[in-house]
Amino acid sequence: MTVIMDGKLTAEKITAEIKTEVSALTVKPKLAVIKVGDNPASQIYVRNKQKKALELGINSVVLELPSNVSEENLLEQIYILNEDTDINAVLVQLPLTEHINKQRIIEAIEPIKDVDGFTSFNFGRLALGYQPYTFPCTPKGIIRLMDEYNINLEGKKAVVIGRSNIVGKPLSLLLQRQNATVIMAHSKTINLKEHTLSADIIVSAVGHPNLITADMVSEGAVIIDVGINRIDNKLIGDVDFNTVKEKVSFITPVPGGIGPMTIAMLMENTLELYKFQKSLGL
Ligand code: NDP
């Protein structure tokens, strides 16, 4: 029988523990989110992050900057947050507007406040097999959800579709840490189906509805659907859920799968950064 992996419930369990821990703290952790422009999806993501932080007793502040903000001005805001001892975690909501050099902005975040784990310091440590201050939220949430369902990754063949810096690439590194054999697929991959058919675990992080169909998966595979696609005002993933679920052992739904896990990991990372900074007397 197929197990529908409940990311919402798992995330609620994790955040309930965070809430308890935060309630015992006299000084609360504080997350700063920078949002540039008025991308509608970003508005929703930022609002959800703020709402979750509030629910858990984590303080948060959102800096809303206009879409024509200069790169220098944006950098200045990050430097201020880096210096502010009340702020434990800094997040720049992506995507940024075209005229801004994303890499330069992310690199400006102090690694010890880099709640997304996107700076080259933290990402480099992840790649080298060392301990970063934080692991990127979506990949961390995927690993945590599979762990919750006792899915053993050792020796398993995992096909990760999508090689972005925020999902595919860091996830492939985390899967390797768990001793999975990882294949990275992307838009130039030839005959994706050949790879997915021999995979024990398939993660799709692309943003194409129905990219993964039942004929592409083997019986008993584990399917993690990271994709978010808005079709007719409804959210769907990359996987043709209804047909694929008949064949596989585990599958995540969209919504209610990786999305809530990502937010839970953001809250966990905020708390972890706070505790680490306190342990250093900062
Ligand atoms: P990007 O657009 O940065 O990356 C997409 C990746 O998919 C690229 O590596 C691209 O290949 C690859 N790709 C595109 N078309 C194909 C194809 N036909 N076959 C195989 N690979 C293909 O996206 P993100 O990583 O930022 O996000 C991916 C999806 O995950 C989106 O739908 C996004 O909304 C969602 N998402 C969900 C989150 C959650 O919390 N649930 C969090 C973050 C993202 P190439 O490199 O060659 O261009």
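Readers should treat all values here as calculations from the given coordinates under stated rules, not as data from a laboratory. Here the structure is a predicted model, which means the values were calculated and not measured. Here Cβ is always computed from backbone atoms with ideal geometry, including for glycine, and neighbour counts include all displayed protein chains.
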Two pseudo-spin positions, 7 Å from Cα along C-beta at L75 and at E110, lie apart in nanometres by 1.8 nm
Taking R0 as 30 Å and r as the Cβ-Cβ distance between D232 and R47, the FRET efficiency 1/(1 + (r/R0)^6), rounded to the nearest 0.05, comes to 0.85
Listed by chain and number, the lysines with an alpha carbon less than 23 angstrom from that of K19, same-chain partners under 8 positions apart left out, are K8, K28, K30, K49, K51, K52, K113, K140, K275, K278
Expressed in angstrom and rounded, the centroid-to-centroid distance over alpha carbons for segment 93-160 and segment 178-208 is 19 Å
So the FRET efficiency between S218 and K8, C-beta based with R0 = 35 Å and rounded to 0.05, is 0.80
GluC sites (Glu not before Pro) in segment 15-107 lying in a DSSP loop, each with at most 10 other Cβ atoms within 10 Å of its Cβ, come to E98
Expressed in angstrom and ordered largest first, the alpha-carbon extents of the chain along the principal axes are 53, 42, 39
Within the chain, excluding any chymotrypsin sites (Phe, Trp or Tyr not before Pro) found in a DSSP loop (not H, G, I, E or B) and having at most 15 other Cβ atoms within 10 Å, the longest uninterrupted segment runs 150-282
Per 10 angstrom bin, beginning at 0 and ending with the bin that holds the maximum distance, the Cα pairs of segment 78-163 fall in percents of 15, 39, 31, 13, 3
Output for segment 184-282: GluC sites (Glu not before Pro) sitting in coil per DSSP, at most 12 other Cβ within 10 Å, listed by number, reads E219, E246
